[in-house]
Every structure is written in structure tokens, then in C-alpha cells.
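Everything on this sheet refers to the single structure shown next.
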Amino acid sequence: MADDTDPAVDEDSAADVGHDLAAERTTAPMSEFTLREAGIGFIIMVVGAVIAFGIPLLTVGL
């Protein structure tokens, strides 16, 4: 009887296509960024907070 749990293909997958497998893996929080990029991110956060909290608070009073 055949064992259905055996993989049909070897361990290679399409997930590693186009990636340098020998390079050290980094994630976004570990990536370098400039003070300018941090400032832009902070401004975007403030605008998002105003939209998320400021507008609903203004409409409650009307």
C-alpha cells in the first residue's frame, strides 16, 4: 500500500526562486533607515491618528 504522506516532490519549493539563499536574512525592523525616513513615518502616523480618532471625535459633538 502506498503511503500518502510521502512528498510528491523533493524539498525544493518555488519560495526560494530569485532569492540569494547564501545571504544573511534580514527583516524590516533590522533594516537601516535614515532620520528623514523616520520623520516621514512619524508624520504619516500622526495623520493616521488624526483620521482615526480626531474625525470621529469631531462628529460626536455635532
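Since every read-out is calculated from the coordinates, none of them should be taken as a lab result. A quick note: this is a predicted structure, and the numbers were derived from the prediction, not measured. Using ideal geometry, Cβ is built from the backbone for each residue, glycine included, and neighbour counts are taken over all protein chains shown.
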Calculate the FRET efficiency for S31 and A52 from the Cβ-Cβ distance with a Förster distance of 35 Å, rounded to the nearest 0.05. 0.85
Two-site label geometry, E24 and A38: point separation in nm, points 7 Å out along Cα→Cβ: 2.1
³J(HN,Hα) across the stretch 33-48 via Karplus (A = 6.51, B = -1.76, C = 1.60, θ = phi - 60°), whole Hz, x for Gly/Pro? 8, 8, 5, 4, 5, 5, x, 5, x, 5, 4, 4, 5, 5, 4, x
